[in-house]
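The values are calculated or read from the model by the stated rules, or taken from the named source; none is laboratory data. Just so it is clear, the model here is predicted, and its values are computed rather than measured. No Cβ is skipped: glycine too gets one built from the backbone with ideal geometry, and neighbour counts run over all protein chains shown.
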Amino acid sequence: MEFRLEFTPKPFDVKINHRQNLMLIGSCFTEQIGTKLSNHKFTVLDNPNGILFNPVSIAKSISAYIENKQFKESDLFYQNESWNSWEHHSRFSHPDKKICLNGINESQSKANAFLKNADWLLITLGSAFVYELSSPSGEWLGLRPVVANCHKVPTDKFSKRLLSADEVFADLNKVIEKAVAFNPQIKIIFTISPVRHLRDGFVENNRSKATLIQAVHQLVEKNSHCFYFPAYELVIDDLRDYRFFAEDMVHPNYAATNYVWEKFIATCIDESAQQLMKEIAVIVAAKNHKPFNPTSEQHKKFLQTNFEKVKKLQQQFPYLMLKEEEAFFKS
């Protein structure tokens, strides 16, 4: 008897390999996939603005990278004893205004240079709900002052609303056209985060996800360089069990994330790159190994064996970033 239906996504016609550059933008689920790609030695730039959830802020951030927008002191605001940006995650916030601003602008410049030569842009949308500044301080953001992060500012300073599928489509389609004009080789993968935004409410979360799904499929149908990876469906419809969520019953747990990752590999990553990933995983696991006796001859032999593996792999694939592993085993 079958107790669940497994979902196997259709493999992409064009796939990712280690020679390519990948920029990832979006929710915390993006960062989990980005970390796994980095651990397997793909060239990755992950969330230059920090974690972003709504499509308006994601589209705005991509546009800012393309333009290499440099923020000014007037773009920052002071709250909770730190300087913050409405367009950035709190990881950029700092008590010193100049440090905050320098961190933001350094990230902007890095993102601009990386996106110009990126082969893939992976966008993970978390929620179709947006928070709009209702105070005059938000006027500098434009006609629709959507914030990327509320920075624990009191809720009476915002109005919350659910975007329509048409609004999501329009914002993302416009920035896709801009990205392709900036970098004609770029290919875009959309995913919907399986993280459940239950603080919005059960019904509201489903409405939000449905809005994102509808808009993204319109985008993929319209643009030949856009793809869809069903991370949301794999967790919600395939695994479909609270066993695969963390204690908060909102975030997918380690097992669920690994399951989605395995499907991502099979769907999105080139077969030769998959084989290379296995070899890299062995080296990374060896580097993370905690020796019982670091001064023993056995451990010295272990280091030498893995050093030779790294050197051989580096000679075969000179584009791999294995300098850290090489230095570790050489020591």
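Give the residues of segment 313-331 that are within 20 Å of His289 (Cα to Cα) and either touching a Gly at 6+ places or on another chain (Cβ under 9 Å) or outside any helix (DSSP H, G or I) (or both), sorted by residue number.
Answer for segment 313-331, where residues must be within 20 Å of His289 (Cα to Cα) and either touching a Gly at 6+ places or on another chain (Cβ under 9 Å) or outside any helix (DSSP H, G or I) (or both): Met321, Leu322, Ser331.
Residues in segment 171-205 that are part of a helix (DSSP H, G or I) and surrounded by 14 or more Cβ atoms within 10 Å (Cβ to Cβ): how many?
12
Of these, Glu87, Glu81, Glu31, which one is in the same structural domain as Ser208 (by TED's automatic domain parsing), of a type in the set (Asp, Glu) and crowded, with 21+ Cβ neighbours inside 10 Å?
Sole residue among the options that is in the same structural domain as Ser208 (by TED's automatic domain parsing), of a type in the set (Asp, Glu) and crowded, with 21+ Cβ neighbours inside 10 Å: Glu87.
Tell me, please, whether a residue that is crowded, with 22+ Cβ neighbours inside 10 Å, at pLDDT 95 or above, in the same structural domain as Asn223 (by TED's automatic domain parsing) and assigned to a helix (DSSP H, G or I) can be found in segment 118-126.
Scanning segment 118-126 turns up no residue that is crowded, with 22+ Cβ neighbours inside 10 Å, at pLDDT 95 or above, in the same structural domain as Asn223 (by TED's automatic domain parsing) and assigned to a helix (DSSP H, G or I).
Let me spell it out: the conditions are (1) surrounded by 14 or more Cβ atoms within 10 Å (Cβ to Cβ); (2) more than 27 Å from Lys187 (Cα to Cα); (3) assigned by TED's automatic domain parsing to the domain that holds Thr43, and Met249 meets all of them except one. Which number is the exception?
With respect to (1) surrounded by 14 or more Cβ atoms within 10 Å (Cβ to Cβ); (2) more than 27 Å from Lys187 (Cα to Cα); (3) assigned by TED's automatic domain parsing to the domain that holds Thr43, Met249 is out only on (1).
Under 8 Å between Cβ atoms, at least 6 apart or on separate chains: pull out the pairs that start in segment 176-188 with a residue that is assigned by TED's automatic domain parsing to the domain that holds Ser224 and end on any residue that is among the charged types (D, E, K, R) and buried (at least 17 other Cβ atoms within 10 Å of the Cβ).
Gln185/Asp119; Ile186/Asp119; Lys187/Asp119
Residue under question is Leu52, and the condition is that it be at pLDDT 95 or above and touching a Phe, Trp or Tyr at 6+ places or on another chain (Cβ under 9 Å); does it hold?
Taking the combined requirement at face value, the residue does not satisfy it.
Among the numbered criteria (1) part of a helix (DSSP H, G or I); (2) more than 8 Å from the chain's Cα centre (by Cα), which one does Thr30 miss?
(2)
So is Lys287 closer than 20 Å to Gly34 by Cβ, in contact with an Asp or Glu (Cβ under 9 Å, 6 or more places away or on another chain) and either outside the structural domain of Glu31 (by TED's automatic domain parsing) or assigned to a loop (DSSP other than H, G, I, E, B) (or both) or not?
Against the criterion (closer than 20 Å to Gly34 by Cβ, in contact with an Asp or Glu (Cβ under 9 Å, 6 or more places away or on another chain) and either outside the structural domain of Glu31 (by TED's automatic domain parsing) or assigned to a loop (DSSP other than H, G, I, E, B) (or both)), Lys287 qualifies.
Given (1) outside the structural domain of Ser127 (by TED's automatic domain parsing); (2) acidic (Asp, Glu); (3) not in a loop (DSSP other than H, G, I, E, B), where does Glu6 come up short, assuming only one miss?
Checking Glu6 against (1) outside the structural domain of Ser127 (by TED's automatic domain parsing); (2) acidic (Asp, Glu); (3) not in a loop (DSSP other than H, G, I, E, B), the one that fails is (3).
Among the residues that make up segment 11-19, is at least one of them in the same structural domain as Val147 (by TED's automatic domain parsing), buried (at least 18 other Cβ atoms within 10 Å of the Cβ) and not in a loop (DSSP other than H, G, I, E, B)?
No, segment 11-19 contains no residue that is in the same structural domain as Val147 (by TED's automatic domain parsing), buried (at least 18 other Cβ atoms within 10 Å of the Cβ) and not in a loop (DSSP other than H, G, I, E, B).
Mind checking whether some residue in segment 253-263 is touching a helix residue (DSSP H, G or I) at 6+ places or on another chain (Cβ under 6 Å), in the same structural domain as Thr124 (by TED's automatic domain parsing) and under 20 Å from Asn21 (Cβ atoms)?
Checked against the condition, which is being touching a helix residue (DSSP H, G or I) at 6+ places or on another chain (Cβ under 6 Å), in the same structural domain as Thr124 (by TED's automatic domain parsing) and under 20 Å from Asn21 (Cβ atoms), segment 253-263 yields at least one hit.
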